[in-house]
Each structure stands twice: as C-alpha cells, then as structure tokens.
1. For the chain, which longest stretch is free of loop sites, where a loop site is one of the GluC sites (Glu not before Pro) that DSSP puts outside H, G, I, E and B and that has at most 16 other Cβ atoms within 10 Å?
2. Where does helix 43-55 land angle-wise versus the long Cα axis of the chain, in degrees 0 to 90, nearest 10?
3. Using Cα pairs under 8 angstrom and six or more residues apart, how large is the relative contact order of the chain, in percent?
4. In debye, nearest 20, what is the charge dipole magnitude of region 26-171 about its Cα centre with +1 on Lys and Arg Cβ and -1 on Asp and Glu Cβ, if you could check?
Amino acid sequence: MSEPHHCRLFIRLPTGPGFDDALQRALSDREVASVLLPAGLSDDLARTAVKRIQAADRPALIIDNLDRRAALQADGVHLTNASQVRSTRAKLGDGLVLGAECPLERHACMVAAEDGADYVAVRVTAENLDAAEELLAWWFEMMTTPIVALVDAPVETERLHAHADFLSLPV
C-alpha cells in the first residue's frame, strides 16, 4: 500500500519588519521544506539568513538573480518568469535547485518542467481557487515534477493540500 500524500510548506519570507520572526518560525517548523528569500533583502541580512537556513538543513532560494545566488552561496533560484528556465538551467547547472513560477496553465507548467525546472509554482487567489485546484489535481495524477501552490489570499487551503506537493501561505 502506498503512503498517503503529504504536502509540506514552502516559505516566502517577508521584507522589513517581521523578517527575523518569520525566519525563526520557519526554521523551527519541521513541515517547512524550503525557504525563499525576498528580493529586497540587504546582502548582509541575506547572507546571514542563507547560513541559518542551510544550518537547519533546508534549501535557501533566491528570486531570479543568478549572480546573487552565487554571491550568497544559496541553494537555488526561483524564477518569476518561467520562459527563462532553459537558459537559467544551462547557466546554473544540475546541482542547484531551479524553480519556476508559471501561469495557471497546464502547458506552461509542463514546458517549465521539461526545460529543467525542479519544481513549478502557481499563484492561488480567491478568484482562481477552483481553476488552481483543478490544475493541481491534474498535475498530481499526471506529472512527477513537484508543484507549489503560492497562496496569495485567504482561501480554503484544505482543498489544496490533497494535490500540491508544497503549500506557500502568506507570512
């Protein structure tokens, strides 16, 4: 008998006040699988955060910037433009994590996965919850690349847990 599906957390840290508290909560929660640093974080604060995240045995991800990822020695890059996956994978190599934020479309997610994304991510709002749930359910049945539900507004997250590999709630 196969194990039941288990959805883990993908944390998007905030910029500004609350950053330290959010990071501490993320690192103390065993359900947190990875941590995405905000783009506007100072280099010093980001470098310290990357070290703390890695010391907690979780990958630290940087938004869009390969040079910043290298300078901070982060574990990977989260692209906000899925059309850049192929070129970014060529530059990044195979040893680091590459995630791609995609439109809420099967084809866009499949192309990102085929082009080398280690995970795909879709934004979920109250307005697109039904469509997101449908895409996640289809993806769960058909694809092997993990998918992240990036929840941007209060929604019924129970509906997403059954099919998303990772859930990212507003912090």
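1. Of all site-free stretches, the longest is 32-104.
2. So the helix axis and the longest Cα principal axis differ by about 60 degrees.
3. 21 percent
4. For region 26-171, the charge dipole is close to 660 debye.
Each reported figure results from applying straightforward, stated rules to the coordinates on display, with no laboratory input. As the structure is a prediction and not an experimental result, all values here were calculated from the model. A quick note on method: Cβ atoms are made from the backbone with ideal geometry, for glycine too, and the neighbour counts reach across all protein chains shown.
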